[in-house]
Every structure is written in structure tokens, then in C-alpha cells.
Amino acid sequence: MMKMMMMMMNKTKPHVLHLLLVLSCTWVLTVSATSDAYPSVSDCGVVDEVVVPVRREVYGEGKIFDISHRYREDMLSFHSDDGLGQFLWLRLSMKNGSIANAANVEKGVCHRLCGIHEGWGRMVGREHRYQTCWFREDMPTWDSVDGLGQFLRLRHSIKNGSLANVSELKYFSVHSGTHVDAPGHVFDHYFDAGFDVDTLDLELLNGPALLVDVPRDKNITAEVMKSLNIPKGIRRVIFRTLNTDRRLMWKKEFDTSFAGLMKDGAEWLAENTDIKLIGIDYLSVAAYVEAIPSHLVLLEARDIILVEGLKLDHIQPGIYSLHCLPLRLPGAEGSPARCILIK
């Protein structure tokens, strides 16, 4: 049915296109109280009148099952009696005066998944690469001119007599490359309460999404948001901006002139649309000059997920099936994510 709808849209006159898009949304995009980024207040546990998140294994009213393990310090590690050990470090803390919380990952065994898989439908990989796959040593990182740097080392090598090659992640921010933000990134009380990436709703991270081109001559203001005419019912939107044209994610030096949401644009989005997942093509959905104010608007209600650092080169605007899976890192306010579009 989706294929038929897209064919109709391609052949339809512009004045009918908006109506068809709305009709398609009524089929693929059903708004429900259980599909917010986090459980609603009534779904949360309450300890001494403080709302805490509920960690789930089943989503989408019993249709989505999380079969991956959360990372834990006492998690089993190959040929080790001590377990995984500490793997997460809070590099920047709001309690110490930083404007945001930002953790680093260190000492995690990495199985590198390379390539794009051909299967049902057409799959379009959108992350930036880890070496030949997603991450690069010259990938930009926040407020750095040196880029990401070395993030992977070969702990065991067949060439050196080991039975298998085993790589290890080496100290990099959870906000590197393609990643998601949780509310604890900019709200310290949410960080303390445990609203981390492990509590994000997988149903919201996977489903129909609209990719739109935004005007190239300005940031995403309230005026720009109005001009995009995003229909009600659209819950996942990916913004392709001048950042893609300028190939900013392919330059190691952090560039403060990147395009993103201004505070008034974030407010207009939160108040006038049904959007609950926002994707963008640089390290922040919010423009540098209003990065924190815009993040505060978007994350305060805990009902919007931010996906940043997407690779949107050569992807055409339209409706896709989005699949975005962050790592299960309890305590982390962000996480690298593998995100794909299926057309």
C-alpha cells in the first residue's frame, strides 16, 4: 500500500499532494499515548514523589521485543573473571559547572558491522562510519579542531597468534557521529532520575519518517517551520540542511556556523506539530548560537527524541521507514546509533 501511495504522489498535481500525504499519514502514523519518547507520568514509577523512568523490554503494545542486553559493569566478558568493568565516564557534568552532561565510552568490545544489507525493500545506510563503516578518526567532535581521533584498537590479533581478532573501543564521547540525545543531556534532575538512553522508546525510534529539505539561507526558525507545512500526524521528521551541502560531517574541524533549530523554531515545533523524533545532519539539532535554549525546549517534556549527525547525502526527500537503534547504556545521556532508511 505504501508503494502504491508513493507512486500516486509522484504523478499527482502539487495542489493534491498535501492531501495525499495526510491520508498516508493516517495509515502509517498512528498517534498514541504509549509511543512517546518516554513513559507518560502515569506509566512511571514514583519514589518519594520523584518521577523515575520504567525500563522496558517490550514496546509497541507487545509488538517490539528488545533482545539485546544492557551494558553493566558486572556483565560477562570473554576470558575474564572480573566482568566488563567501568565503561562509562562523565566527562562533562552540570554539577561541576558545564552547560550540559556528556559521557564518554571506554573499554568496550566492538564487533564491527560493515556494509549495507540487501533484503526486504531498499535499505539506505545513513550513519557516519566507524573506520570503514561508521566512525572516522577525522570526524568532527563538539568544539574540537582535531576531530574524533583514535577510538578503536585491536586488542587481540590473529597475526600476533590470537585465535580471533577482537577490537576494543577507546575513549570517545557518546555524542560522537550519529547519536541520540536523552533529556539528562541538558537537565541534571532528569540525569539523576535515570532518564537515559536505555529508557528511550524503541517504537518511536522505528517507524515511518518524513525527510524534508529546509531553506538553505537561514536556520530553522518559527517562520521556516511554518513554511514547511508539515502535516499533523507526522511524528518523525528528518531535516536536511545546508550542513549536507557543505559536507560538514566530513570535515574534522568543528564548525560553529552549522544550521539548526533556533529557540523559536523549537518552540513552534513543540507547540504546533505532532513531531516526537527530530533528525538532522550535524552534531546538534539546534543552531550553535542557541544550542542549549533550543535543547531545553525540545527535551523538557521528555516526549521528543533527538537524532543527530545523520548522513543525508544523495537521499531524496519523502517518506521512509526509519530504524534507529542506540546502544543500551544505562546512565548515559546519549549514545551512538545505527540508523537506516528503508524506501
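The values are calculated or read from the model by the stated rules, or taken from the named source; none is laboratory data. Note that the structure is a prediction, hence the values are computed from the model and not measured. All Cβ positions, even for glycine, are placed from backbone atoms using ideal geometry, and neighbour counts span all protein chains on display.
Please pick out the residue among Glu308, Glu271, Glu267 that is under 20 Å from Ser176 (Cβ atoms) and of a type in the set (Asp, Glu). Please lay out each step first, then the result.
On the way: Glu271 fails: under 20 Å from Ser176 (Cβ atoms); Glu267 fails: under 20 Å from Ser176 (Cβ atoms).
Criteria check complete, one pass: Glu308.
Here are Leu205, Leu283, Leu242: which of them is over 16 Å from Ala103 (Cα atoms) and within 15 Å of the chain's Cα centre (by Cα)? Spell out how you get there, then give the answer.
Working: Leu283 fails: over 16 Å from Ala103 (Cα atoms); Leu242 fails: within 15 Å of the chain's Cα centre (by Cα).
Of the residues listed, the single one that is over 16 Å from Ala103 (Cα atoms) and within 15 Å of the chain's Cα centre (by Cα) is Leu205.
Would you call Gly184 crowded, with 18+ Cβ neighbours inside 10 Å and assigned to a helix (DSSP H, G or I)?
Numbers: crowded, with 18+ Cβ neighbours inside 10 Å: yes; assigned to a helix (DSSP H, G or I): yes.
Judged against the criteria, Gly184 is a match.
Which residues, counting only those in segment 297-324, are closer than 20 Å to Met249 by Cα and surrounded by 18 or more Cβ atoms within 10 Å (Cβ to Cβ)?
We begin by selecting, within segment 297-324, every residue closer than 20 Å to Met249 by Cα; these are 306-317, 324.
Passing the criteria: Leu306, Val307, Glu308, Gly309, Leu310, Lys311, Leu312, Ile315, Cys324.
What pairs come up if the first residue lies in segment 290-315 and is polar (S, T, N, Q), the second is crowded, with 19+ Cβ neighbours inside 10 Å, and their beta carbons are under 6 Å apart, counting only those six or more places apart or on different chains?
Ser294/Leu261; Ser294/Lys263; Ser294/Ala266; Ser294/Ala286
Quick one: which residue in His314, His295 is more than 13 Å from the chain's Cα centre (by Cα) and more than 24 Å from Val186 (Cα to Cα)? Even if it seems obvious, please write down each step before you answer.
Values: His295 fails: more than 24 Å from Val186 (Cα to Cα).
Unique residue meeting the criteria: His314.
Across segment 148-181, which residue is modelled with the highest pLDDT among those that are surrounded by fewer than 16 Cβ atoms within 10 Å (Cβ to Cβ) and closer than 28 Å to Ile278 by Cα?
Gly149
As an exercise: evaluate Arg246 against (1) in contact (Cβ under 8 Å) with a residue 24 or more places away in the chain; (2) under 23 Å from Gly147 (Cα atoms); (3) among the charged types (D, E, K, R) and give the number of the one condition it does not meet.
(1)
Quick one: which residue in Val214, Val166, Val180 is β-branched (Val, Ile, Thr), in contact (Cβ under 8 Å) with a residue 40 or more places away in the chain and closer than 27 Å to Val51 by Cα? So that I can check it myself, show each step before the final result.
Values: Val214 fails: closer than 27 Å to Val51 by Cα; Val166 fails: closer than 27 Å to Val51 by Cα.
It is Val180.
Condition first: touching a helix residue (DSSP H, G or I) at 6+ places or on another chain (Cβ under 8 Å) and either over 20 Å from Pro336 (Cα atoms) or of a type in the set (Val, Ile, Thr) (or both). Now tell me which residues in segment 133-168 satisfy that. Before you say what the answer is, go through the steps one by one.
At the first step, the residues of segment 133-168 found to be touching a helix residue (DSSP H, G or I) at 6+ places or on another chain (Cβ under 8 Å) are 139-140, 164-165.
Answer for segment 133-168, where residues must be touching a helix residue (DSSP H, G or I) at 6+ places or on another chain (Cβ under 8 Å) and either over 20 Å from Pro336 (Cα atoms) or of a type in the set (Val, Ile, Thr) (or both): Ala164, Asn165.
Can Arg302 be described as among the charged types (D, E, K, R) and under 17 Å from the mean Cα position of the chain (by Cα)? Talk me through it step by step, then tell me what you get.
Numbers: among the charged types (D, E, K, R): yes; under 17 Å from the mean Cα position of the chain (by Cα): yes.
Yes.
Which of the following residues is of a type in the set (A, V, I, L, M, F, W, C), touching a Phe, Trp or Tyr at 6+ places or on another chain (Cβ under 9 Å), in contact (Cβ under 8 Å) with a residue 24 or more places away in the chain and under 29 Å from Ser144 (Cβ atoms): Leu322, Leu269, Leu341? Outline the logic, then answer.
On the way: Leu322 fails: touching a Phe, Trp or Tyr at 6+ places or on another chain (Cβ under 9 Å); Leu269 fails: touching a Phe, Trp or Tyr at 6+ places or on another chain (Cβ under 9 Å).
Unique residue meeting the criteria: Leu341.
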